[in-house]
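After the structure tokens below, expect a handful of questions from me.
The values are calculated or read from the model by the stated rules, or taken from the named source; none is laboratory data. What you are looking at is a predicted structure, and each value in this text was computed from that prediction instead of being measured. Methodologically, a virtual Cβ is constructed for each residue, glycine included, from the backbone with ideal geometry; neighbour enumeration extends over all protein chains shown. To get the accessible areas, we keep the full protein, side chains included, count just its heavy atoms, and leave off ligands, DNA and RNA. Shrake-Rupley method; radii C 1.70, N 1.55, O 1.52, S 1.80 Å.
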Amino acid sequence: MHVMWRSRLASTAAALSCRRLVSSSSFVFSSQFSRCAHRLTTHYTIHPRHDDSRWKDVDMERVADETDVLIVGGGPAGMAAAIRVKQLAAESGMDVRVCLLEKAAETGGHILSGAVLEPRALQELIPDWKEKGAPLNTPVTKDKFDFLTEKRRIPLPILPGLPMNNHGNYIVRLGHVVQWLGEQAEEMGVEIYTGIPASEILYDKNGAVKGVATADVGIAKDGSPKATFERGMELHSKVTLFAEGCRGFLAKQLFRKFGLQDNCQEQPYGIGIKELWSIDPSKHHPGQVEHTAGWPPVRLFLCHEVHCV
């Protein structure tokens, strides 16, 4: 079953698109755009296949596999959870199968952020992370905090206790850290399946989550099955952990089904733009972290890493 699971998952990928319609007539364009907007997605959760004659004779049966713990999402939280479950199982003398699904083609592939990492949680999870070669290569050596005007830079003090004080932290590429966590997880026996998006939550007869289904492949952009169509697989689990991020595709479905955000404060959001700069070596100071406020009316954060790529 595991061999079949791996071979079926190896080809999983899905992409949806809507054709852009252009017309010289504003009336025709408007009507065509309206039809296009109605079909912005051809996903079966919006346009059920049982109402589509093109799917009438297609075999829709899924192959299923079972695991003890299923983790959806291979970011820092998902990888750390997988490692901790394996640690607890080892401490209890139990053989626990842990599977992790990650939609990126490789571990850490969708983690583009540079970051200043406080290592306390990593120290608790993997105490010998230094000996195991964790990619924390640039300790913070200096913090700067400046108020900017259009033409001037005014230095400000960083008082003890302020979040801009990064003494003891490290400048990292978070994708490298996640990749390393994935290596540690696999060494412990975690089964990591990359390039595999989970597309559907599965429920038992009592309405409890029992696992997920992976995405179907071989679907045309108009929503019809291609000759290469292949059904996704079901992965059933005693425990399913969703680590997609704060507003994951499946997490939002759980919010609605179980009322997880009822009577809760609205979730705040922030917009960030991340850039990787190549600068004059004389201006590069590995270990330096800079914070600014003032002009322009956004907060800037710069960190100097030893190896950025």
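What tally of residues in region 201-217 results from selecting those that are out of contact with any Leu (no Cβ under 8 Å at 6 or more places or on another chain) and open to solvent by 20 Å² or more (accessible area, probe 1.4 Å)?
Summing the residues that are out of contact with any Leu (no Cβ under 8 Å at 6 or more places or on another chain) and open to solvent by 20 Å² or more (accessible area, probe 1.4 Å) in region 201-217 gives 6.
Still on this structure, please answer the following. Just checking, how many residues over region 229-258 are aromatic (Phe, Trp, Tyr), at pLDDT below 95 and open to solvent by less than 60 Å² (accessible area, probe 1.4 Å)?
The total comes to 2.
Which residues, taken from region 122-139, are over 14 Å from residue 176 (Cβ atoms) and open to solvent by 30 Å² or more (accessible area, probe 1.4 Å)?
Those that are over 14 Å from residue 176 (Cβ atoms) and open to solvent by 30 Å² or more (accessible area, probe 1.4 Å): 123, 124, 127, 128, 130, 131, 139.
Can I ask one more? If only one of 172, 178 is touching a Pro at 6+ places or on another chain (Cβ under 7 Å), outside any strand (DSSP E or B) and touching a residue at least 60 places away in the same chain (Cβ under 8 Å), which one is it?
178
From the list 40, 112, exactly one residue is aliphatic (A, V, I, L, M), surrounded by fewer than 17 Cβ atoms within 10 Å (Cβ to Cβ), closer than 30 Å to residue 290 by Cα and modelled with pLDDT under 95. Which is it?
None of the others qualify; the one that does is 112.
Regarding residue 108, is this residue on the phi > 0 side of the Ramachandran plot and of a type outside the set (Ser, Thr, Tyr)?
Yes: the conditions hold for residue 108.
Residues in region 230-249: is at least one farther than 23 Å from residue 192 by Cβ and of a type in the set (A, V, I, L, M, F, W, C)?
The answer is no; no qualifying residue exists.
To continue, here is another question. So, restricting to strands (runs of 3 or more DSSP E) that lie completely within region 45-122, which ones have at least 2 residues that are out of contact with any helix residue (DSSP H, G or I) (no Cβ under 8 Å at 6 or more places or on another chain) and hydrophobic (A, V, I, L, M, F, W, C)?
64-72, 98-102
So which of 65, 51, 95 ends up being at pLDDT 50 or above, of a type outside the set (Gly, Ala, Ser) and over 29 Å from residue 244 (Cα atoms)?
Only one candidate qualifies: 51.
Can you tell me which condition residue 166 does not meet? The list is (1) part of a loop (DSSP other than H, G, I, E, B); (2) open to solvent by 40 Å² or more (accessible area, probe 1.4 Å); (3) over 19 Å from residue 87 (Cβ atoms), and all the others hold.
With (1) part of a loop (DSSP other than H, G, I, E, B); (2) open to solvent by 40 Å² or more (accessible area, probe 1.4 Å); (3) over 19 Å from residue 87 (Cβ atoms) applied to residue 166, the lone miss is (2).
Right, next: Restricting the first residue to region 259-283 and requiring it to be surrounded by 10 or more Cβ atoms within 10 Å (Cβ to Cβ), which pairs with a second residue that is not in a loop (DSSP other than H, G, I, E, B) meet a Cβ separation below 6 Å and a spacing of at least six or different chains?
As it stands, the answer is 261/255, since those pairs meet every condition given.
List, please: which pairs have Cβ atoms under 8 Å, are six or more places apart or on different chains, and start with a residue in region 50-66 that is open to solvent by 100 Å² or more (accessible area, probe 1.4 Å) and end with one that is aliphatic (A, V, I, L, M) and at pLDDT 95 or above?
Taking only residues 6 or more apart or on different chains, the pairs are 66/235.
Taking the criterion of being at pLDDT 95 or above and under 19 Å from residue 302 (Cβ atoms), would at least one residue in region 156-170 satisfy it?
yes
Can residue 133 be described as out of contact with any helix residue (DSSP H, G or I) (no Cβ under 8 Å at 6 or more places or on another chain) and small (Gly, Ala, Ser)?
When the stated conditions are applied, residue 133 does not pass them.
Give me the pairs: first residue in region 231-250 and without any contact (Cβ under 8 Å) to a residue 24 or more places away in the chain, second residue open to solvent by 20 Å² or more (accessible area, probe 1.4 Å) and assigned to a loop (DSSP other than H, G, I, E, B), beta-carbon distance under 8 Å, and six or more apart or on different chains, which are they?
What qualifies is 246/267; 247/267.
Can you name every one of the strands (runs of 3 or more DSSP E) wholly within region 185-296 that holds 2 or more residues which are over 19 Å from the mean Cα position of the chain (by Cα) and closer than 26 Å to residue 134 by Cβ?
Fully inside region 185-296 and qualifying: 288-294.
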